[in-house]
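The values are calculated or read from the model by the stated rules, or taken from the named source; none is laboratory data. None of the values given here were measured: they were computed from a predicted structure. So basically every Cβ, Gly included, is an ideal-geometry build from the backbone, and we count neighbours across all protein chains shown. These accessible areas exclude ligands, DNA and RNA; they are computed on the full protein's heavy atoms, side chains included. Shrake-Rupley method; radii C 1.70, N 1.55, O 1.52, S 1.80 Å.
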Amino acid sequence: MTDTAAQKTVSFGYDTVTPDEKVDRVKGVFRSVASKYDLMNDLMSGGVHRLWKHDTMNRLNPQPGERHLDVAGGTGELARGFLKRADAAGKRRGDARQATAIVCDINDAMLDAGRARSDNEQWGDRLDWVCADGSSLPYPDRSFDAVTVSFGIRNFADRIAGLKEFRRVLKPGGRLAILEFSHMTAPLLQQAYDTYSFNIIPPMGALVAGDRESYQYLIESIRRFPDQDTFKAEIEDAGFAKVSVTNFSGGIAALHFGWAV
Ligand code: SAM
């Protein structure tokens, strides 16, 4: 690390830390919650995160034969969704080419939890699991037709490096879909959302996953993440065109979608 990089700091929830410390602490968070991760998502959102992911897939429109990279893919829900959608599109059109997907995550424990879930789905070598940092991807330029990141980019120590990597590994005309917690568009609902977030989620994390701190980090990191327009500008700066923003549930989450040019 250079001197300048060593002096740089980033947020870890409401704490200010070095990038290396953020990487370590984020790894600790997801190692701790991995086995209860899917269950907690359903409990915290009342299952609504599945609708947001469903809409993300609608926008992505997976096609037979495509290569998909799910960065910070965790337990691989988006990657499996991509393969199912691509197969369905192929079946409708009589196109037998098989799409493939890679779940790339910095955390082995999350990948292991995802692999265990996928074992009985028989995706074979169409679904691969790779442990790597999304801001330094182990793939050549122009390798993928679609890159997705859901609820992952907020945790990156260097988000801008990540966006540049997504641009690098996408083929020209490839699609980027980033689903992330965002900022509410209706200020009147903010109070209710804050009350729910700060009073319910950490105790729920303690009860279900035995880990209050990780869920405290979750809600703090959401508030530290840039708003929709700021993040859109970062994606454009990384080289994406026609970047659009779709708010879900009043901005609790937002889908940023762009094209590699
Ligand atoms: N994408 C999955 C989903 O939507 O359910 C998992 C999201 S989970 C909230 C965030 C994931 O990002 C964790 O699995 C974590 O290990 C991963 N992650 C955090 N920083 C990362 C990085 N720099 N590179 C790759 N994965 C990262």
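Structure above, values below:
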{"item": "Segments classed as helices (runs of 4 or more DSSP H), wholly inside the stretch 2-70, with at least 2 members that are under 30 Å from residue 142 (Cβ atoms)", "result": "19-33, 48-60"}
{"item": "Filter result for the condition that a residue is in contact (Cβ under 8 Å) with a residue 12 or more places away in the chain and at positive phi, over 156, 144, 151", "result": "151"}
{"item": "Restricting the stretch 21-63 to residues that are open to solvent by less than 80 Å² (accessible area, probe 1.4 Å) and of a type in the set (Gly, Ala, Ser), the residue that is farthest from the ligand (Cβ to nearest atom)", "result": "46"}
{"item": "Subset of the stretch 131-141 that is under 24 Å from residue 255 (Cβ atoms) and more than 8 Å from the ligand (Cβ to nearest atom) - its residue that is least open to solvent (accessible area, probe 1.4 Å)", "result": "137"}
{"item": "Residue in the stretch 188-195 that is within 23 Å of residue 105 (Cα to Cα) and surrounded by fewer than 19 Cβ atoms within 10 Å (Cβ to Cβ) present", "result": "no"}
{"item": "Filter result (in contact (Cβ under 8 Å) with a residue 40 or more places away in the chain, over 24 Å from residue 54 (Cβ atoms) and either within 14 Å of the ligand (Cβ to nearest atom) or surrounded by fewer than 19 Cβ atoms within 10 Å (Cβ to Cβ) (or both)) within the stretch 238-255", "result": "239"}
{"item": "Residue match in the stretch 114-127 (condition: closer than 22 Å to residue 24 by Cβ and either surrounded by 19 or more Cβ atoms within 10 Å (Cβ to Cβ) or within 8 Å of the ligand (Cβ to nearest atom) (or both))", "result": "yes"}
{"item": "Selection status of residue 73, touching a strand residue (DSSP E or B) at 6+ places or on another chain (Cβ under 6 Å), open to solvent by 10 Å² or more (accessible area, probe 1.4 Å), not hydrophobic (A, V, I, L, M, F, W, C) and not in a strand (DSSP E or B)", "result": "yes"}
